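The values are calculated or read from the model by the stated rules, or taken from the named source; none is laboratory data. The model shown is predicted, which means the values in this text are computed figures rather than measured ones. Reconstructed Cβ throughout: ideal geometry from the backbone, glycine too, with neighbour counts over all protein chains shown.
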């Protein structure tokens, strides 16, 4: 939810939210349906639609369900789905962000989860997730987040792991009382199989609410990989729903 005291009136945005929701669902279906036709091509540009569904069970406990096309597996032709359980601590200092996701204001968040990743042209993957995110309010109303995550991967009975470090710098602005939060982030992957840092992902985008229970996140992403394709440009669109 939008933080209390921000005085952002979003009651007139219901129609906009509905239109965006229909559009996102259509694009999400199209992207999934079109995946098999691209199997023979070497992807250099990708579109990554995603839906996040959040449910607060208590002040410090949040459930999450992720449904997305992903470039995070062994192939770009992948769909992932799975839950997360996030446990958070209150911040020491008040956050200046204007975000719908209450977890973005917390000092520390411990997340545990599971993902099933269906690869179109490779075996599926079962993945356990453990992650810890720390958030630091900075001068000029900035916020820095540092997430450390372990992917515990099982593919055809073979176990491997991957460490991922993600840093996000973001700041909220109010334009005629309407909040937007642009951000930049960088994520680095260490792969136990190759014993190397084999992937770097840079992303810029923004978050903005379209309803008191929904937020959109369009972004541009640049990936540098040691495996082919070595360089990938991607456009992503995330719809987050809060209950």
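List of remarks:
- Within region 67-97, the set of residues being surrounded by 20 or more Cβ atoms within 10 Å (Cβ to Cβ), more than 13 Å from the chain's Cα centre (by Cα) and either modelled with pLDDT of 90 or more or assigned to a strand (DSSP E or B) (or both) comprises 78, 86, 88, 97.
- Looking across region 155-168, the residues that are more than 15 Å from residue 217 (Cα to Cα), in contact with a strand residue (DSSP E or B) (Cβ under 8 Å, 6 or more places away or on another chain) and modelled with pLDDT of 95 or more come down to 159, 160, 161, 162, 163, 164, 165, 166, 167.
- Counting residues in region 105-112 that are surrounded by 15 or more Cβ atoms within 10 Å (Cβ to Cβ) and in a helix (DSSP H, G or I) gives one or more.
- So residue 131, is it within 20 Å of residue 202 (Cα to Cα), touching a strand residue (DSSP E or B) at 6+ places or on another chain (Cβ under 6 Å), modelled with pLDDT of 95 or more and surrounded by 13 or more Cβ atoms within 10 Å (Cβ to Cβ): yes
- Of all residues in region 200-212, those satisfying the criterion of being assigned to a strand (DSSP E or B) and either modelled with pLDDT under 95 or surrounded by fewer than 16 Cβ atoms within 10 Å (Cβ to Cβ) (or both) are 200, 202, 204, 206, 210, 211.
- Members of region 212-235 that are over 17 Å from the mean Cα position of the chain (by Cα) and farther than 12 Å from residue 101 by Cα: 224, 225, 226, 227, 228, 229, 230, 231, 232
Here is a yes/no grid of residues against (1) under 15 Å from the mean Cα position of the chain (by Cα); (2) crowded, with 16+ Cβ neighbours inside 10 Å; (3) part of a helix (DSSP H, G or I):
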position	(1), (2), (3)
99	yes, yes, no
115	yes, yes, no
123	no, no, no
126	no, no, no
136	no, no, no
146	yes, no, no
152	no, no, no
